[in-house]
Amino acid sequence: MRHEYVFLSQIFLMRSVFLLVLLFVGLPVFGQSKKVPKLVVGIVIDQMCYDYLYRFEQKFSNTGFKKLMIKGTNCRNTRYNYVPTFTGPGHASIYTGTTPSNHGIIANDWYDRETGILFNCVDDASLNTVGSATNEGKCSPHHLKTTTVTDQLKMTYTDAKVISLSIKDRGAILPGGHLSDGSYWFDANSGNFITSTFFEKELPAWLTTFNNEQRPQKALTSTWKTLYDISAYTESGPDDSPYEQIFPGKQAPTFPYVLSEMKEGIQDLSLFTYTPFANTALTDLAIKGILAEGLGSDSRTDMLCISYSTPDLVGHAFGPYSVELEDVYLRLDKDLSKLISFLEKQIGKNEFVIMLTADHAVVPVPQQLVDKKLPGGYFFSSNYMIDLRQKLVKQFQFDPIKEFVNCNIYLDRELIQKNQSKQVDIEQFILNEIRQWKEVKAAYSGNELSGNQDGDNWFKMIQSGYHPDESGDVLFLLESGYLVKSSDVPTAHQGTSHGSAFNYDTHVPLIWYGKGIPSCEVLRKVDITDIAATLTNILNIQRTGSMTGEPIFELHR
């Protein structure tokens, strides 16, 4: 009996010592959770190719992009896992952690079968503008069919704050989600950052003060020159390029851009959004918002979402190998440097996390590909659609096509029933025709995409971007390097776009930096839907409703 007592005493002593050791070395005991950052800053750059990080690296400062790359976690093989790769779906997928097949934002614009019109993915006619007398604020996230990580943060902690900023309405609204404390975007008609009655009844005082500074108006009295001597822009093509759009008031697409002369004849302030000054204004707005809203000032984690839209506008107009685009990124690097420096001083060097990615990348100007004898070109849709409609009339005695947009063909379902035809027969006829078009890689019907059958990578990407309520009845994917143009006119061969399932559109940067983030590179494939899943782990909150992404485990070592 005595031996048993001594033995039990020894066990008790060993357990006590073990618990004391755990406490002293700081290991988690009794469910103690990992401490969360005070502020998470989500940065989405609208239209950024992965290689920009390296093409422009030698000219980047040590305190902007380069600092994030070296001291943070650089996920170098991050890709979109669906098509189409547009701004609306991109922002929605980043913050919901799922694809358009679940969140419902299938494009920037789509055809509404009930009203018979095309509308923006955040349009909401039931609302009013706050901050100007225009209609640019009639917007909300009501088309978003699931919750965002920002929504989940607000649901979990009602005292957490979420602020979302962008030049574009969709770039501000979709990241901020349904419960945002303030989602603000730029109105080119008034020059103000505005919102809608979905979010609040009046602008906060700090935003009104910022608007009163009239940044856009002042910027348009200046000249956009290259940051460095133009001869140093060796990472880009010639400044005077036939592949670039020529802006009003210009004879050629070349520096300098004397904005005071170019704005003549333009009724609004949209020219401002095509300059790097818009990125700087958005950065300054973010800093003012952090201070005024007290983001990151207490123990409750807040979120700030920033979407830089200007790179997309410049990229569309001038292409990825233009001096204009390079200059935008060199200046954006300075804006990021300013933001990071502010966060380190205001929030604390080890008290915030930055996530930086892009909503899509971009195809090189197809005409440039053609001239270099590379695969690519243009799909002039008007000619094809006229021919297709004529063949349908000949075969079925009526034209069942209602609308064509974003490689989606919408059928008139009521007319098909009225003519006592089978929709599946019409879909198959259209598919047989489309699959003969030389610029088309793959085509599928909505019925095929709604099924669970296995398919190749292209089928899976289209299926992940398909939603039966919003998508067309027949969808197709162009061959690599091709863009849709309605008709062949001289300006059709200038500038570029995005939206495909190919790597030039899907491969984007993804960098994490800040509290608890290791310095490393991740070379395995990371899906864009993994971002929100990772954020839920950083924030210690529940996964969002339709989330399909998985956490990036390298960030939690």
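Bear in mind that the values in this text are calculations on the coordinates, not laboratory data. No experiment lies behind these values; they were computed from the predicted model shown. Every residue, glycine among them, receives a Cβ derived from its backbone with ideal geometry; neighbour counts consider all protein chains shown.
Students often get this wrong, so check it: of LYS71/LYS338; LYS59/LYS263; LYS154/LYS349; LYS161/LYS201; LYS66/LYS168, which have C-alpha atoms separated by over 28 Å?
Details: LYS71/LYS338 17 Å; LYS59/LYS263 30 Å; LYS154/LYS349 25 Å; LYS161/LYS201 18 Å; LYS66/LYS168 26 Å.
With Cα atoms farther than 28 Å apart: LYS59/LYS263.
For the range 371-493, state what percent of all Cα-Cα pairs lands in each successive 5 Å bin, counting from 0 Å until the bin that includes the largest distance.
Whole-percent P(r) values from 0 Å outward: 2, 10, 20, 22, 19, 14, 8, 3, 1, 0, 0.
Looking at the chain, send over the antiparallel percent of its DSSP beta bridges, to the nearest 5.
50
Percent of Cα-Cα pairs per 10 Å bin, from 0 to the last occupied bin, for the range 413-557, please list those.
Reading the bins upward from 0: 8, 27, 28, 22, 12, 3, 0.
Which of the listed residues, GLN436, PHE396, LEU478, is farthest toward the dipole's positive end in the range 371-493, when Lys, Arg count +1 and Asp, Glu count -1 at the beta-carbon?
GLN436
What order, most packed first, do the peptides 310-321, 337-348 have when packing is the mean number of other Cβ atoms within 10 Å of each residue?
Details: 310-321: 23.2, 337-348: 17.5.
Top to bottom by mean Cβ count within 10 Å: 310-321, 337-348.
Spelling out what I want: for every residue of the range 122-137, take phi, set θ = phi - 60°, compute 6.51 cos²θ - 1.76 cosθ + 1.60 (Karplus), and round to whole Hz; glycine and proline get x.
Per-residue couplings from phi come out as 10, 4, 8, 5, 6, 9, 10, 6, 10, x, 7, 9, 9, 9, 5, x Hz.
Below 8 Å, C-alpha to C-alpha, sequence gap of six or more: please give me the relative contact order for the range 371-493 in percent.
Values: 138 pairs, mean separation 46.1, N = 123.
Relative contact order comes out at 37 percent.
Hull surface divided by four, with the convex hull built on the Cα atoms of the chain: how many nm²?
31.9
Kirkwood hydrodynamic radius (Cα pairs, Å) of the range 354-424? Show your work: numbers first, answer last.
Working: mean 1/r = 0.0642 Å⁻¹.
Over the range 354-424, the inverse of the mean reciprocal pair distance is 15.6 Å.
Output wanted: per-residue J couplings in Hz (rounded whole) for the range 514-524, from phi through Karplus 6.51 cos²θ - 1.76 cosθ + 1.60, θ = phi - 60°, x for Gly and Pro.
x, 4, x, 8, x, 8, 6, 10, 10, 9, 5
Return the equivalent ellipsoid semi-axes of the range 509-557 as a descending list in whole Å, where each equals the square root of 5 times an eigenvalue of the C-alpha gyration tensor.
Details: eigenvalues 66, 37, 12 Å².
Taking √(5λ) for each eigenvalue gives 18, 14, 8 Å, largest first.
Relative contact order (percent) for the chain, with alpha-carbon contacts under 8 angstrom and 6 or more residues of separation? Mind showing how you got there, number by number?
On the way: 1129 pairs, mean separation 154.8, N = 557.
Taking the mean separation of contacting Cα pairs over the length of the chain, I get 28 percent.
What residues qualify as long-range amide H neighbours of ILE246, i.e. H under 5 Å apart, gap of 5 or more or another chain, H built at 1.01 Å from N?
Long-range HN contacts for ILE246: none found.
Using only alpha carbon pairs under 8 Å that are at least six residues apart, calculate the relative contact order of the range 206-316 and give it in whole percent.
Values: 86 pairs, mean separation 31.6, N = 111.
RCO, the range 206-316: 28 percent.
Please list 80-91, 402-413 highest first by mean number of surrounding beta-carbon atoms within 10 Å per residue. Let's see the in-between values first.
Details: 80-91: 27.3, 402-413: 19.5.
The densest-packed peptide leads the list: 80-91, 402-413.
Count of lysine pairs in the range 371-493 with Cα atoms under 24 Å apart, counting only pairs 8 or more residues apart in sequence or on different chains?
Number of lysine pairs found: 25.
In whole Hz, what ³J(HN,Hα) sequence does the range 441-454 give by Karplus (6.51, -1.76, 1.60; θ = phi - 60°), x for Gly and Pro?
8, 8, 8, 9, 8, x, 4, 5, 6, 7, x, 10, 5, 6
Under 37 °C and 0.692 mPa s, how fast does the range 216-362 diffuse according to Stokes-Einstein, given a Kirkwood radius computed over C-alpha pairs? Answer in µm²/s, whole number. Display every interim value, and only then the final one.
Values: Rh = 16.9 Å.
Using the Kirkwood radius from Cα pairs, D works out to 194 µm²/s.
Counting only DSSP beta bridges with both residues in the range 371-493, what percent are antiparallel, rounded to the nearest 5?
On the way: 11 of 15 bridges.
Among the beta bridges of the range 371-493, antiparallel pairing accounts for roughly 75 percent.
What translational diffusion coefficient, to the nearest whole µm²/s, does the range 105-243 have by Stokes-Einstein, given a Kirkwood radius computed over alpha-carbon pairs, a temperature of 20 °C and 1.002 mPa s viscosity? Mind showing how you got there, number by number?
Details: Rh = 17.4 Å.
The estimated diffusion coefficient comes to 123 µm²/s.
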